[in-house]
Amino acid sequence: MTSLSTPTGYATATRNVDTCKPSCADADCQRTSVKLKFTKVKLSDCRRVFSRVTETEVGSAKKATRNLPLVVKKSC
């Protein structure tokens, strides 16, 4: 069993986005390398999880921050 022991986590990934050009059915996908930073540790389903992720495009430094879904239980 593993446990969450640090307040920040990091990862790298490849994001695939369908540009829908000329149409979405053509599946013209754009691949972009991204760096992920996970923050805001909270309880979810009685476990400590990261609740926010910031995605940064490699090369352009464009950023987007998103909240991650949590499962709230009344008692753990």
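Those residues that are polar (S, T, N, Q), touching a Ser or Thr at 6+ places or on another chain (Cβ under 9 Å) and surrounded by fewer than 11 Cβ atoms within 10 Å (Cβ to Cβ), I need them from the stretch 11-32; list them, please.
Thr12, Thr14, Asn16, Gln30
When residues of the stretch 43-53 are filtered for being surrounded by 14 or more Cβ atoms within 10 Å (Cβ to Cβ) and of a type outside the set (A, V, I, L, M, F, W, C), how many remain? Break it down stepwise before answering.
As a first pass, look at the stretch 43-53 and keep what is surrounded by 14 or more Cβ atoms within 10 Å (Cβ to Cβ): 43-44, 49-53.
In the following step, the residues that additionally are of a type outside the set (A, V, I, L, M, F, W, C) were identified as 44, 51-52.
Here the count works out to 3.
Counting just the residues of the stretch 13-39 that are basic (Lys, Arg) and touching a residue at least 24 places away in the same chain (Cβ under 8 Å), which one comes out nearest to Pro69 (Cα to Cα)?
Applying the filter and picking the extreme gives Lys37.
When the stretch 40-76 is examined, which residues are found to be basic (Lys, Arg), free of Cβ contacts under 8 Å to residues at least 12 places away in the same chain and touching a strand residue (DSSP E or B) at 6+ places or on another chain (Cβ under 8 Å)?
Hits for the stretch 40-76 are Lys62, Lys63.
If you go through the stretch 2-10 one residue at a time, do you hit one that is open to solvent by 90 Å² or more (accessible area, probe 1.4 Å) and of a type in the set (Phe, Trp, Tyr)? Steps first, answer last, please.
As a first pass, look at the stretch 2-10 and keep what is open to solvent by 90 Å² or more (accessible area, probe 1.4 Å): 2-3, 5, 7, 10.
Subsequent filtering for residues that are of a type in the set (Phe, Trp, Tyr) retains 10.
So far as the stretch 2-10 goes, yes, one or more of its residues are open to solvent by 90 Å² or more (accessible area, probe 1.4 Å) and of a type in the set (Phe, Trp, Tyr).
If I filter the stretch 54-76 down to residues being hydroxyl-bearing (Ser, Thr, Tyr) and part of a loop (DSSP other than H, G, I, E, B), which single residue comes out as least open to solvent (accessible area, probe 1.4 Å)?
Ser60
The values are calculated or read from the model by the stated rules, or taken from the named source; none is laboratory data. Everything numeric in this text was worked out from a predicted model, so none of it was measured. When we count neighbours, we look across all protein chains shown, and the Cβ atoms used for this are built from the backbone with ideal geometry, even at glycine. Accessible surface is based on the protein model in full, side chains and every heavy atom, while ligands, DNA and RNA are left aside. Shrake-Rupley method; radii C 1.70, N 1.55, O 1.52, S 1.80 Å.
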